[in-house]
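First up is the structure itself, then whatever we jot down about it.
The values are calculated or read from the model by the stated rules, or taken from the named source; none is laboratory data. What you are looking at is a predicted structure, and each value in this text was computed from that prediction instead of being measured. Here Cβ is always computed from backbone atoms with ideal geometry, including for glycine, and neighbour counts include all displayed protein chains. Heavy atoms of the whole protein, side chains included, go into the accessibility calculation; ligands, DNA and RNA do not. Shrake-Rupley method; radii C 1.70, N 1.55, O 1.52, S 1.80 Å.
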Amino acid sequence: MNTYIILSRFSPEAFDDPKHFVQLADQVSKKIRSECPGVEWNGSYATLFRFDVIDIVEASDPKQIAKVAMIIRALGHSTTETLLGTPWKEFLDGLKK
């Protein structure tokens with residue numbers, strides 16, 4: 001499985017009240033779980049500054065990650081950037097070859 005980092009920013013139109021955002025987040029999570037069963041969620045973090053949320057996920061099929069990003073964009077009214085993450089030790093070992 002590969003590790004992906006999904007960076008998201010909310011659109012100003014995403015919600016008009018923080019309580020509505022909780023409902024929106026629940027809808028997005030349910031849709032992702034039902035439509036992207038091959039994706040394992042390792043963690044989600046609310047952040048400050050450039051991005052609002054960082055999700056760390058794993059999947060063997062990059063198409064599933066693309067679908068997750070599209071669900072977040074469409075249903076969650078967000079923009080996303082997705083990064084492929086390599087564990088540090090694997091990265092360093094690759095440099096030795």
>> I need the full set of residues from region 15-42 which are among the polar types (S, T, N, Q) and either within 17 Å of residue 73 (Cα to Cα) or without any contact (Cβ under 8 Å) to a residue 24 or more places away in the chain (or both), in order please.
In response: 23, 27, 29, 34
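Please enumerate the residues belonging to region 31-55 that are under 18 Å from residue 65 (Cβ atoms), outside any loop (DSSP other than H, G, I, E, B) and open to solvent by 50 Å² or more (accessible area, probe 1.4 Å). Talk me through it step by step, then tell me what you get.
Going through region 31-55, the residues under 18 Å from residue 65 (Cβ atoms) turn out to be 31-45, 51, 53-55.
Then drop every residue that is not outside any loop (DSSP other than H, G, I, E, B), which leaves 31-35, 40-45, 53-55.
Once the filter is applied, which keeps residues that are under 18 Å from residue 65 (Cβ atoms), outside any loop (DSSP other than H, G, I, E, B) and open to solvent by 50 Å² or more (accessible area, probe 1.4 Å), region 31-55 yields 31, 33, 34, 35, 40, 41, 42, 44, 45.
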>> I'm trying to understand the selection: among the residues of region 37-53, which are within 11 Å of the chain's Cα centre (by Cα) and of a type in the set (Phe, Trp, Tyr)?
In response: 41, 45
> How many residues does region 15-30 contain that are aliphatic (A, V, I, L, M) and exposed (fewer than 10 other Cβ atoms within 10 Å of the Cβ)?
Replying inline: 0
> So which residues in region 56-94 are of a type in the set (Gly, Ala, Ser), open to solvent by 70 Å² or more (accessible area, probe 1.4 Å) and under 16 Å from residue 1 (Cβ atoms), if there are any at all?
Replying inline: 60
> Among the residues of region 1-14, which ones are touching a residue at least 40 places away in the same chain (Cβ under 8 Å) and either over 28 Å from residue 40 (Cβ atoms) or open to solvent by less than 100 Å² (accessible area, probe 1.4 Å) (or both)?
Replying inline: 2, 3, 4, 5, 6, 7, 8, 10, 11, 13, 14
